[in-house]
Amino acid sequence: MSAVPYSCGNRLLDALPVRDLSNLEADLTIVDLKAHQSTHSVGGAIKHVDFPIDAVLSVVATLKSGDTIEVGTVGSESFVESDAALNSALSSRTAFCQVDGRVGRMSIARFEERMDTSVAFARFMRQNLRATLFSAQQFTVCNLKHPPLQRCARFLAMTADRVGRPQFALSHEFLAIMLGLKPAGVSDAAEALEKMGAISYDRSVVTILDRGILERAACECYRACRDSFAASLILA
C-alpha cells in the first residue's frame, strides 16, 4: 500500500464543499490496483471503502454454480463498497479491479464517522447510490434492447471517462463478460468501431481515436447514465 496521500481525482469526493474536504487527505491512502485484484468479497466484513481515481472496478454476483456475472462497474464517479452507505457490515457482492489504476482507500470506521458527522458527505454518498441504481436499471434495458455495437461503444466511452485517459488495457474476453456477449460478438463490434475511426483495438489495448464518433455510436444509455452521475455531484 502506498503512503502517498490523496489529493484529488475521485469526482465524488472532489465535489464536496470546501469545509468537508478538510483533512480528507488524512482519511485516505492511495492504493495501486492491478487487473483482477480483489477488493471486497461477498459475505466478508467491510473493512474499507474504495474511491477510484483512475482504476475501474467490477462488482459481480456469484451463482451457486460458481459462475460470476457483472452487475456493476465503478470508476471515478462513485465508490465501492456501496453497502457501507446503507449501514451494512458485510459485502453483498464481490468486487475486483477491472482496469489497472489507483483508488483512495478509507477505513470503514472513518467512513461511518463521516457519514454521521458530515451532512454533505452523507448526502453525496446517498445521491450517488441513486445514480448507481438508475444505471443498473438502465443497463438491464440496454442489454435487452440495444445491439452489440451500441453497447460496446457505450461501455468503452464510460470506461474512458472513468480512467480519465483515451487508452487503457481491456481484453476481448473481459469485454465479452462485461457486455454479456460471446468473444466473436465483441470482435465484430470492435472491428465495426475501428472501421468507423472511433477506436483502435490492438493486443488488448483500446485507444479512443475520435471521441465524437464513439459517443454517436453509443446508445442513449451512455448519456443517460453520465447525466445521472453528474446530477449526483450537485449538493441538493
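The values are calculated or read from the model by the stated rules, or taken from the named source; none is laboratory data. Computed from a predicted structure; not experimentally measured. When we count neighbours, we look across all protein chains shown, and the Cβ atoms used for this are built from the backbone with ideal geometry, even at glycine.
Here are some notes:
- Criterion (at pLDDT 90 or above and either assigned by TED's automatic domain parsing to the domain that holds Leu156 or over 24 Å from Ser92 (Cβ atoms) (or both)) met by exactly one of Asp50, Asp32: Asp32
- Single residue of Ala217, Ala198 found to be of a type in the set (Gly, Ala, Ser), in contact with an Asp or Glu (Cβ under 6 Å, 6 or more places away or on another chain), within 23 Å of Glu77 (Cβ to Cβ) and at pLDDT 95 or above: Ala198
- Scoring Asn87 on the criteria (1) at positive phi; (2) in contact with a helix residue (DSSP H, G or I) (Cβ under 7 Å, 6 or more places away or on another chain); (3) not aliphatic (A, V, I, L, M) leaves a single failure, condition (2).
- Search result, residues across the stretch 1-51 that are among the small types (Gly, Ala, Ser) and either over 19 Å from Thr117 (Cβ atoms) or in contact with a strand residue (DSSP E or B) (Cβ under 8 Å, 6 or more places away or on another chain) (or both): Ser2, Ala3, Ser7, Gly9, Ala26, Ala35, Ser38, Ser41, Gly43, Gly44, Ala45
- Candidate set: the stretch 178-236, residues that are among the polar types (S, T, N, Q) and under 18 Å from the mean Cα position of the chain (by Cα); chosen: the one farthest from Arg126 (Cα to Cα): Ser228
- Checking the stretch 121-136 against the condition returns a match, with at least one residue being part of a helix (DSSP H, G or I), touching a Cys at 6+ places or on another chain (Cβ under 9 Å) and either among the hydrophobic types (A, V, I, L, M, F, W, C) or free of Cβ contacts under 8 Å to residues at least 40 places away in the same chain (or both).
- Breaking point among (1) closer than 27 Å to Asn10 by Cβ; (2) touching a helix residue (DSSP H, G or I) at 6+ places or on another chain (Cβ under 9 Å); (3) loosely packed, with under 15 Cβ neighbours inside 10 Å, for Leu214: (3)
- Condition met for Val103 (in a strand (DSSP E or B), touching a strand residue (DSSP E or B) at 6+ places or on another chain (Cβ under 9 Å) and farther than 14 Å from Ile177 by Cβ): yes
- Entirely in the stretch 1-84, the strands (runs of 3 or more DSSP E) that have 1 or more residues that are of a type in the set (Val, Ile, Thr) and surrounded by fewer than 13 Cβ atoms within 10 Å (Cβ to Cβ): 68-74
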